[in-house]
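Quick notes on the structure that follows.
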Amino acid sequence: MVYIIRIIISVCVTLLISCNQGQTEKDSQLALMKTTNPNPTVTEKNNGQEKVESIEREVESFDEIYDVAVVKGKKETLVVYKVKHMQRFRMKQIEKDLNKILEEKHPKEQFTVSSDYKIFLEAVRLVERKEHGNLSDKQAEKRLNEILKMTSDIK
């Protein structure tokens, strides 16, 4: 009788442990899929906010993309995005198509387009700090140039 009770208890413990492991896996998968939707930002006041918003709408129109951050500086505009999981094999083609459309619709703008997650995080931090008033326009422009330098180092 004692032997049967030990088997039942060990089976119950095994089931409880296996159920708990699946939950942490689900949480980590959701963290990769969360959407932040940062506001498009301009490093100089009153310098093309409408243009940046239209750029964001154009990038969001791609079905393969689910999150976009746009930061416009004096000379260059940074466009970073996240690609849906099932579209990751086509990332080079998506970036090529995105560059083509942006250059056609905004020929006077100089774009840096990236799908790198680290660059995305840095851009979101820049947007948040700018919105909360922790960065001046000059500091935001300097930070944007640092992020742009990171994108060129990655490629």
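The values are calculated or read from the model by the stated rules, or taken from the named source; none is laboratory data. What you are looking at is a predicted structure, and each value in this text was computed from that prediction instead of being measured. Virtual Cβ from ideal backbone geometry, glycine too; neighbours counted across all protein chains shown. Quick note on the areas: whole protein, heavy atoms, side chains included, nothing else; ligands and nucleic acids left out. Shrake-Rupley method; radii C 1.70, N 1.55, O 1.52, S 1.80 Å.
Assorted remarks:
- Taken per residue, the accessible surface of the chain reaches 68 Å², heavy atoms only and a 1.4 Å probe.
- Ranked by the mean number of other Cβ atoms within 10 Å per residue, highest first, peptides 140-150, 104-114, 80-90 order as 140-150, 80-90, 104-114.
- K96/Q139 FRET efficiency (R0 30 Å; Cβ-Cβ; nearest 0.05): 0.35
- The chain: angle of helix 91-105 to the longest principal axis, Cα-based, in degrees nearest 10: 30 degrees
- An oblate overall shape is assigned to the range 93-141, the ratio a/c of its alpha-carbon gyration tensor axes (a ≥ b ≥ c) being 1.5 or greater and a/b not exceeding b/c.
- When a 1.4 Å probe is rolled over the protein heavy atoms, the share of accessible surface on the range 63-122 that falls to carbon and sulfur comes to 50 percent.
- Note: the chain, Cα convex hull, 154 Å³ per residue.
- Counting only Cα atoms, the size of the range 55-118 along its three principal axes is 34, 24, 18 Å, in decreasing order.
- Of all DSSP-defined beta bridges confined to the chain, some 55% are antiparallel rather than parallel.
- Of K45/K92; K74/K118; K100/K130; K92/K138; K72/K118; K82/K130, those spanning more than 26 Å from alpha-carbon to alpha-carbon: K45/K92; K100/K130; K92/K138
- Degrees, to the nearest 10: 2-33 long Cα axis against longest axis of the chain: 10 degrees
- Degrees separating the helix 49-60 axis from the principal Cα axis of the chain, which is the longest one: 40 degrees
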